[in-house]
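The values are calculated or read from the model by the stated rules, or taken from the named source; none is laboratory data. What you see is a predicted model, and the numbers here were worked out from it, not measured in a lab. A quick note on method: Cβ atoms are made from the backbone with ideal geometry, for glycine too, and the neighbour counts reach across all protein chains shown. For accessibility, only protein heavy atoms count, side chains too; no ligands or nucleic acids. Shrake-Rupley method; radii C 1.70, N 1.55, O 1.52, S 1.80 Å.
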Amino acid sequence: MDAAWIGVGGTAMGALIAGGIAVALQRRSERAEAARTADVKRIEAVTLIGGVRAAAQEWLTYLMHVTTDASAGRFAELTEFDEKSAELRQQVHQAMASVSHLGPEDLFYSRFAATMRSIEAEVRSIISSRSSHQAHDVIVRTDSFGALFSMRQTVTTQMINDVLNGRWITGTG
C-alpha cells in the first residue's frame, strides 16, 4: 500500500508541477503578447506624430517662402494663397486630429497650433496689404521662421518621447 500511495502522491505532485509550469508559461506568453501590442501601438503613435511633423513642416515652409517673397516685393495672389494655405492647414489639422487619442494634450488647441494659425493670418494680411515692411517684421520676429520650425520640432519630439516613455497611450510613466 505504501508503494501505491507513493505512486499516487508522485503522480499528483507531477500534475501540480506540470500545471504550475503551464500557468507560468501562459502568463509569460500573455506578458510577451502585451509587450508586442504595446510596441505596435508605440510605432503607430510615432508614425502619426511624424505625420504632424511633416505636415507642419510643409505648411511652415510655404508660409516662410510666401513671406520671404513678400519682403522682397514679390506678392502671391491672395486667392492662390488662401487655397494653398487652407489645403496645408487642413493637412496639419487632420494630422493633429490623428494624434488626439494618444495623450492628455489636444495638440489642436496647443500654443504651437495657435501660433501657426496666427502666422497664417499675418501672412494673409501681408499679401492683402502688399506690405513688404510687415513681411520683413514677421521674418525678424520669427528669426526667419527658425523659431517656428524649432517650436514644431520641440513639440513633436516631446510627443515622441512621451510615447516612447509610456506616458501616452497607456497613461502611465
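Residues that are touching a helix residue (DSSP H, G or I) at 6+ places or on another chain (Cβ under 6 Å), of a type in the set (Lys, Arg) and buried (at least 16 other Cβ atoms within 10 Å of the Cβ) are absent from region 121-143 altogether.
Phe75 passes every criterion in (1) outside any helix (DSSP H, G or I); (2) without any contact (Cβ under 8 Å) to a residue 40 or more places away in the chain; (3) not acidic (Asp, Glu) apart from (2). The condition (being open to solvent by 60 Å² or more (accessible area, probe 1.4 Å), hydroxyl-bearing (Ser, Thr, Tyr), in contact (Cβ under 8 Å) with a residue 24 or more places away in the chain and under 20 Å from Ala147 (Cβ atoms)) is satisfied by just one residue among Thr68, Thr115: Thr68.
Summed over region 82-92, the residues that are open to solvent by 40 Å² or more (accessible area, probe 1.4 Å) and touching a residue at least 40 places away in the same chain (Cβ under 8 Å) give a count of 1. Close Cβ contacts (under 6 Å, 6 or more residues apart or on different chains) running from residues in region 128-153 that are under 16 Å from Ser71 (Cα atoms) to residues that are surrounded by fewer than 16 Cβ atoms within 10 Å (Cβ to Cβ) and at pLDDT 90 or above comprise Ser128/Leu78; Ser132/Gly73. Take the residues in region 20-62 that are more than 25 Å from Ser144 (Cβ to Cβ), in contact (Cβ under 8 Å) with a residue 24 or more places away in the chain and of a type in the set (D, E, K, R); name whichever of them is most open to solvent (accessible area, probe 1.4 Å). Here the answer is Lys41.
Does Thr79 satisfy being among the β-branched types (Val, Ile, Thr), closer than 23 Å to Ser132 by Cβ and surrounded by 13 or more Cβ atoms within 10 Å (Cβ to Cβ)? So Thr79 fails the test.
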